[in-house]
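All remarks here apply to the structure that follows.
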Amino acid sequence: MNSYERAFHETLYALGQEHLDNLIVVGGWCPYLYATYVWDREAPFPSTVDIDFAVKKMSPDKFSESVYKKLVAANLVPRKMDLDDQNRVQFAYISDRLLIPVEFITTPSVLPKGQKILLKPYVACDPVPEVDVALKTDPIRQVVRYKDKNLNIQIASPAAFIVVKGLLLKHRVNTQKLPKDLASIAFILRYEPQLLRLLDEVAMLRKHESFKEFCEILKELFQEREDRAYGMLEPFFKQWGVSEDSIREQIKKTFDPLFGVIDTIF
């Protein structure tokens, strides 16, 4: 287990089952979890740093204060991230000279309405509308054994993960994350052992209000800004062992099945 994997598993362990029941893994660790626990197949280690959880339910104070206490007790480091609220913190796992941010997000509708600023430290949970797809889709439930515990975790389904990442492509302020988001989609399409089932599940999400926007974002990126899309993906395909002279062909082969679904629906 490398340092990144240890950071991830230690965070799960620190949260404990009570909180894991209310959280869905939605970020860049999803591909790692699919390959390691769900697909059970050889796949490259995904390029990821942040550990992102989507919060399913949040009553005032019960989530933020409780999670804060759990993570502090496990020696994760709280960091003040809001100049207007000195008690609002985000956590990071720090070990082996690595700093791994741990972030909690949810849809605006889940956040408590009219909550006053708390007068004691609490963990931040930010509104991210794009994650609504993952919260409204049945997650994968997986047992992860770590140390002396079997941890039951929830992971965004691969289909929901693809749509969330696709939606984020349009809104990324951090341009460094944009290529990783696109590569995460490619990773799922390339290494999912049951691709046809995955594509069917993507098609089933067409009723979600943001699905059309997801399709438009991908089509614009690949049809109108093809060179940019391919350029962002090329370094990742190199890391995945694709020869340089066939990278463009492999990128097209990877995304064509998804565009087949999109073109059928729209």
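We did not get these values from a lab; they are worked out from the coordinates using the rules stated. Just so it is clear, the structure is predicted and the values come from calculations on it, not from any experiment. Here the Cβ is made from the backbone with ideal geometry for all residues, glycine too, and neighbour counts use every protein chain on show.
Taking Cα atoms, how many degrees apart are the long axis of helix 247-265 and the longest axis of the chain, rounded to 10 and kept between 0 and 90?
The two axes meet at around 80 degrees.
What GluC sites (Glu not before Pro) does region 179-266 have in DSSP loop regions with at most 10 other beta carbons within 10 Å?
E209
Counting other Cβ atoms within 10 Å of each Cβ, which trypsin sites (Lys or Arg not before Pro) in region 175-227 have at most 12 and sit in a DSSP loop?
Those that pass, being in a loop and sparsely packed, are R225.
Tell me, what is the FRET efficiency for K120 and A74 to the nearest 0.05, using R0 = 22 angstrom and their Cβ-Cβ distance as r?
0.75
Amide H to amide H under 5 Å from T106: which residues, 5+ apart in sequence or cross-chain, H placed 1.01 Å off N in plane?
Those lying under 5 Å, H to H, from T106 are V55, D126, V128.
What does the charge count around C30 come to, taking other residues whose C-beta lies under 10 Å from its C-beta (Lys +1, Arg +1, Asp -1, Glu -1)?
Charge balance in the 10 Å sphere: 0.
In sequence order, what are the phi-derived ³J(HN,Hα) couplings for region 134-148 according to the Karplus relation 6.51 cos²θ - 1.76 cosθ + 1.60 with θ = phi - 60°, rounded to whole Hz, with x for glycine and proline?
5, 6, 9, 10, 4, x, 7, 9, 9, 8, 10, 8, 8, 6, 9
Once you place label points 7 Å from the Cα toward the Cβ at D256 and D85, how far apart are they in nm?
It works out to 4.9 nm between the two label points.
Local charge sum around F187 (other residues, Cβ-Cβ under 11 Å, Lys/Arg +1, Asp/Glu -1)?
+1
Antiparallel as a % of all DSSP beta bridges within the chain, to the nearest 5?
70 percent
In the structure shown, do any of K69/K113; K56/K219; K57/K113; K207/K253 have a Cα-Cα gap over 20 Å, and if so which?
K69/K113; K56/K219; K207/K253
Suppose every K and R has +1 on its Cβ and every D and E has -1 on its Cβ; what is the size of the dipole of the chain about the Cα centre, in Debye to the nearest 20?
So the dipole magnitude of the chain works out to roughly 680 debye.
With +1 on each Lys and Arg Cβ and -1 on each Asp and Glu Cβ, how big is the dipole of region 163-266 about its Cα centre, in debye rounded to the nearest 20?
300 debye
As I understand it, the value is the acute angle between the Cα axis of helix 158-171 and the longest principal axis of the Cα atoms of the chain; what does it come to in degrees, rounded to 10?
So the helix axis and the longest Cα principal axis differ by about 90 degrees.
Starting from the amide H of L151, placed 1.01 Å from N in the peptide plane, find each other amide H under 5 Å away whose residue is 5 or more places distant or on another chain.
Distant-sequence amide H within range of L151: V144, R145, Y146.
To the nearest 0.05, how large is the calculated FRET efficiency for Y37 and L196 if R₀ is 22 Å and r is the Cβ-Cβ distance?
0.55
Taking 0.36 nm per residue of separation and subtracting the Cα-Cα distance, what length does fully extending K219 through I94 add?
Length difference between fully extended and current span is 41.1 nm.
Given Y4, A74, V133, which one lies farthest toward the positive end of the charge dipole of region 3-155, if we put +1 on the Cβ of every Lys and Arg and -1 on the Cβ of every Asp and Glu?
A74
Where the centroid of each part is defined by its Cα atoms, how far is region 34-104 from region 188-265 in Å?
Region 34-104 and region 188-265 have Cα centres separated by 28 Å.
Tell me, what HN-Hα J-couplings in whole Hz come from the Karplus equation 6.51 cos²θ - 1.76 cosθ + 1.60 at θ = phi - 60° for each residue of region 189-194, using x for Gly and Pro?
Calculated HN-Hα couplings, in order: 5, 7, 10, 4, x, 10 Hz.
Along the positive direction of the dipole of the chain (beta-carbon charges: Lys, Arg +1; Asp, Glu -1; about the Cα centre), which of A54, S157, M204 reaches farthest?
A54
Calculate the spin-label point distance for S59 paired with N150, positioning each point 7 Å from the Cα along the beta-carbon direction, and give it in nanometres.
Simple spin-label model gives 2.9 nm for this pair.
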